[in-house]
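One structure is given here, and the rest of the page talks about it.
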Amino acid sequence: MSQAEQAPAQRARTKGKQPRRNPTPKAGRNLPAATVVGLAMLFAVLGGLIFLPLGFVAVTTTFAVFGVWEIFRALEANGTRMPIVPVMTGTVAMPFAAYFGGIESLLFAMLLSCVAVLLWRSIESAAGSANSIFAGVFTLGWVPFFISFAALPLHASGGVTTVGLWPGGTVPHGAWQVAVMLLLVVSNDTFGYLVGASLGKHPMAPKISPKKSWEGFAGSIAGAILIGVLASIFLLGKPWWVGVVLAVGLVAASTAGDLAESMVKRELGIKDMSSILPGHGGVMDRLDSIVFASPVAFVLYGLVAGA
């Protein structure tokens, strides 16, 4: 059969077939999967935070462990072997040190973890030791140390609050602080995605993250301010302007965290840290904003404590 004769037959076979819909829009995500996974993670974390703070610390530690493991594998694929045993030990220890002992215990745990990395690497061969030590200390500071700041308000919280959505209950005030921080990080991501996917035309950092736009950043600021003002009044019992301060600070921190991880991935030549979370990529692709937002939130809460 000639090519001319094959064409009508091919059209007949394909007639009536609908084109397959692509669930991944131009912003680069499988939106349905990303939404389901994101909401499940948010409700699990917030539920543990309100009902069982120690469980929240355990969940946070678990996420940190997965994030560090992803970094370890990405670095190993690029020829840098991080001393995983002392790094993992520090990753598990730091959030619990922050929860039980406060900022002093967290700093001490970070120092011990760095020393452990140096000692562990000193008993191995000298080849590649500088890169290995740097990778270990960098990862300790980037993931477990930063994210442990989310546990500090739970240690420092001595009072309770019954404002907002929990009438008649006794929820530690620090738990609401962490919850608001998480809500603002999610708001940054959600509003930035919605506005950036539909209106984004001016890239913010095209060489690092081509899909992040200034329009999306403006959407993140506007959406986070709305959520921040409501959360400040109804959850924290603070003036409305506290929500504005928190929103602007945490959007800036979250964006910096996202760009920082994008820069690391670009340097390593990978798109996602892993594919463990459908629609999101790896655990670090979800923690990138939180690890930067946690210490910034801790500092901001301290500055506005008397408001």
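The values are calculated or read from the model by the stated rules, or taken from the named source; none is laboratory data. It should be emphasised that the depicted structure is a prediction, and the values quoted were computed from it without experimental measurement. Cβ coordinates were reconstructed from backbone atoms using ideal geometry, including for glycine residues, and neighbour counts include every protein chain displayed.
Cβ-Cβ contacts under 6 Å between residues 6 or more apart (or on different chains), taken from a first residue in the stretch 48-77 that is over 16 Å from Lys271 (Cα atoms) to a second residue that is outside any helix (DSSP H, G or I) and modelled with pLDDT of 90 or more, are listed as Val57/Ala151.
Report yes if some residue within the stretch 116-125 is farther than 22 Å from Ala260 by Cα, among the basic types (Lys, Arg) and either crowded, with 18+ Cβ neighbours inside 10 Å or more than 19 Å from the chain's Cα centre (by Cα) (or both); otherwise report no. For the stretch 116-125, residues farther than 22 Å from Ala260 by Cα, among the basic types (Lys, Arg) and either crowded, with 18+ Cβ neighbours inside 10 Å or more than 19 Å from the chain's Cα centre (by Cα) (or both): present.
When Gly55, Gly136, Gly90, Gly101 are checked against the criterion of being under 21 Å from Leu182 (Cα atoms) and either part of a helix (DSSP H, G or I) or within 23 Å of the chain's Cα centre (by Cα) (or both), Gly55 stands alone in meeting it.
Each row is one residue, and each column tells you yes or no for (1) without any contact (Cβ under 8 Å) to a residue 24 or more places away in the chain; (2) part of a loop (DSSP other than H, G, I, E, B); (3) out of contact with any Pro (no Cβ under 9 Å at 6 or more places or on another chain).
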| position | (1), (2), (3) |
| --- | --- |
| Pro210 | yes, no, no |
| Gly216 | no, no, yes |
| Gly219 | no, no, yes |
| Ile225 | yes, no, yes |
| Gly228 | no, no, yes |
| Ala231 | no, no, yes |
| Lys238 | no, yes, yes |
| Ala247 | no, no, yes |
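Just one of the listed residues (Gly279, Gly302, Gly216) is within 18 Å of Asn188 (Cα to Cα), over 17 Å from the mean Cα position of the chain (by Cα), of a type in the set (Gly, Ala, Ser) and modelled with pLDDT under 95, namely Gly216.
Answer yes or no as to whether Ala44 is at pLDDT 90 or above, of a type in the set (A, V, I, L, M) and in a helix (DSSP H, G or I). In short, no.
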